[in-house]
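Trainee: Here it is, the structure in full.
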Amino acid sequence: MFALRVCIAMALVCIENVEYQRQLQNLSQNYSGILSEELNSTQVYVRPSSMVPNEMRGILLSSYFYGYLITPLLGGLISQRCGPKLVVLLAMGIAVITNGLTPLSLRYRIEVVVTLRVIMGISTGVILPSLQVLWADWAPKNEKARLLAVSSSGVNLGNVVATGIAGFVCKIPVDDGWPFIFYIFGLGTIIWMIFWWWIVYNSPDKHPRISEREKVYIESGKVKSVSKKIPRVPWSKVLTSLPFLAILTCHVCHAWTITLISLFLPIYMNDVLKFDVTDNGVLSSLPFICRFIMGLVFAVLADVIVTRKLLPVSHNRKLFQIIGMVFPSVIIIGLSFLDSEQRNLVVGLMTLAVGFQSATTAAFRVNHLDIAPR
C-alpha cells in the first residue's frame with residue numbers, strides 16, 4: 001500500500017529530469033556552437049514540466065488523501081462483518097488497477113490522475129483499520145507492540161522500495177523509464193495478493209494449518225470478550241472519551257510528519273539539495289531503513305518493559321510517544337535552516353528524525369487495542 005502511495009513522488013522527479021534533459025538537448029541542437037557540457041553548466045531557461053506543472057504537484061500528491069479521509073472510519077466496521085482478509089484483498093485490487101492506469105493518465109490529463117489517486121485513497125483507507133481488526137483476534141496482550149511493529153514496518157519497507165528502486169528504474173532506456181515505476185510495483189502487489197489469499201486467515205479458529213499449542217497460547221493471552229455479537233457503536237461516548245481524543249491527536253501529529261517526509265522527500269532532495277536522480281532514490285530510502293530497524297527495537301523494548309512490569313502500560317505508551325514526537329520535531333525545525341551546502345548533514349539529521357519517530361509504533365498505534373481490545 002505504501003509503495004503504491006509514494007512511488008508517484010519519485011515518478012514526478014524522474015519526469016522532471018527527463019523533460020529537463022530533453023529541453024537541454026533541444027537547446028544544444030539549436031545552439032550547435034555551444035558544447036552540451038557548457039550548456040548544462042550555464043543558467044538557461046528551461047520550461048516547467050508540461051506533464052505535471054509545478055503548481056499542480058502539491059494537489060497531485062495530496063489528492064490520495066482526499067479519498068483516504070472517507071473510508072478509515074468504515075474500514076473497521078466493514079472488516080468486522082466481512083472479515084479483514086477479503087476487505088484488504090479487494091482494497092489492494094482497486095489500488096493496483098488505479099496504479100496501472102496512472103502512466104497513461106499522466107500523459108493524457110492531470111485531472112484524470114488526481115481522480116485515480118482519490119479512488120486509490122478511498123480503497124486503501126480501509127486497510128489499516130482492517131489490520132487492527134485482524135490483530136484483535138491474533139495478538140496476545142504481551143506481544144501487541146511487537147506484532148503491530150512488524151506489520152507496521154511495511155510502511156517503512158514500502159518507502160524504502162519505492163524510493164530506493166525507483167531511482168534506478170528511471171534509467172531504463174525504454175519509454176522514458178518512469179512508467180516502469182508503476183508497472184513494477186503493480187506487479188509486486190499482485191504477487192503479494194496471491195500470498196495474502198493463501199496465507200492469511202481472519203482468526204486462529206479459521207486457520208487450517210495452525211497448531212493446537214499456538215492456538216491455546218494466543219487465546220490465553222487475549223482480552224476476553226463477554227459477547228461475540230458486534231455492539232452498536234456508542235458514538236457520543238467515543239467522541240467525548242479523553243483516551244480516544246489523545247490517540248486522535250497523536251495520530252494527526254504522526255501522520256503530518258510521516259506524510260510530509262514520505263511524499264515530499266524525493267522532491268526536496270531534487271529541488272533543494274540538488275541530488276542526482278539515482279542518488280536521490282537511494283538517499284530518500286535511508287530514513288525509512290533507519291525507521292524500520294529502530295521501530296522493531298523500540299517495539300521489543302516496549303514489550304520487555306510490559307512483561308517485566310518495569311512501568312505501568314499507560315506510562316510505557318506515553319514514554320515512547322514522547323520519544324517519537326519530541327526528538328523528530330526539534331530536528332525537523334532545525335532542518336529548515338540548512339540548504340544544499342550542508343546536504344550530507346541534512347540527510348543524516350533526516351534519517352535520525354525518522355528513526356526516532358518510529359518509537360510511536362510502540363505508543364499510540366498499540367494504544368487502540370489497549371483501550372478497545374475488541
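The values are calculated or read from the model by the stated rules, or taken from the named source; none is laboratory data. What you see is a predicted model, and the numbers here were worked out from it, not measured in a lab. When we count neighbours, we look across all protein chains shown, and the Cβ atoms used for this are built from the backbone with ideal geometry, even at glycine. Heavy atoms of the whole protein, side chains included, go into the accessibility calculation; ligands, DNA and RNA do not. Shrake-Rupley method; radii C 1.70, N 1.55, O 1.52, S 1.80 Å.
Trainee: If you take the residues of region 328-353 that are among the hydrophobic types (A, V, I, L, M, F, W, C) and touching a residue at least 40 places away in the same chain (Cβ under 8 Å), which of them is most open to solvent (accessible area, probe 1.4 Å)?
Mentor: Restricting to residues being among the hydrophobic types (A, V, I, L, M, F, W, C) and touching a residue at least 40 places away in the same chain (Cβ under 8 Å), the top hit is Leu352.
Trainee: Return the residues of region 181-210 that are open to solvent by less than 80 Å² (accessible area, probe 1.4 Å) and over 19 Å from Ala91 (Cβ atoms); say none if nothing qualifies.
Mentor: Once the filter is applied, which keeps residues that are open to solvent by less than 80 Å² (accessible area, probe 1.4 Å) and over 19 Å from Ala91 (Cβ atoms), region 181-210 yields Ile181, Ile184, Ser203, Pro204, His207, Ile210.
Trainee: Among the residues of region 221-238, is there at least one that is open to solvent by less than 30 Å² (accessible area, probe 1.4 Å), farther than 24 Å from Ala372 by Cβ, part of a loop (DSSP other than H, G, I, E, B) and in contact with a helix residue (DSSP H, G or I) (Cβ under 9 Å, 6 or more places away or on another chain)?
Mentor: no
Trainee: Same structure, new question: Within region 360-374, does at least one residue satisfy the condition of being open to solvent by 60 Å² or more (accessible area, probe 1.4 Å), part of a loop (DSSP other than H, G, I, E, B), touching a residue at least 40 places away in the same chain (Cβ under 8 Å) and not hydrophobic (A, V, I, L, M, F, W, C)?
Mentor: Yes, that holds for at least one residue.
Trainee: Going by the conditions given, is Trp135 over 23 Å from Phe65 (Cβ atoms) and at pLDDT 90 or above?
Mentor: So Trp135 does not fit the description; no.
Trainee: Do any helices (runs of 4 or more DSSP H) entirely within region 53-110 hold 3 or more residues that are open to solvent by less than 20 Å² (accessible area, probe 1.4 Å) and of a type in the set (A, V, I, L, M), and if so, which?
Mentor: Correct list: 84-108.
Trainee: Condition check: open to solvent by less than 60 Å² (accessible area, probe 1.4 Å), touching a residue at least 24 places away in the same chain (Cβ under 8 Å), more than 18 Å from Lys144 (Cα to Cα) and outside any helix (DSSP H, G or I). Does Phe288 satisfy that?
Mentor: When the stated conditions are applied, Phe288 does not pass them.
Trainee: While we're here: What number goes with the only condition from (1) modelled with pLDDT under 90; (2) of a type outside the set (Ser, Thr, Tyr); (3) more than 19 Å from Gly158 (Cβ to Cβ); (4) open to solvent by 20 Å² or more (accessible area, probe 1.4 Å) that Phe356 does not pass?
Mentor: Unmet for Phe356, out of (1) modelled with pLDDT under 90; (2) of a type outside the set (Ser, Thr, Tyr); (3) more than 19 Å from Gly158 (Cβ to Cβ); (4) open to solvent by 20 Å² or more (accessible area, probe 1.4 Å): (1).
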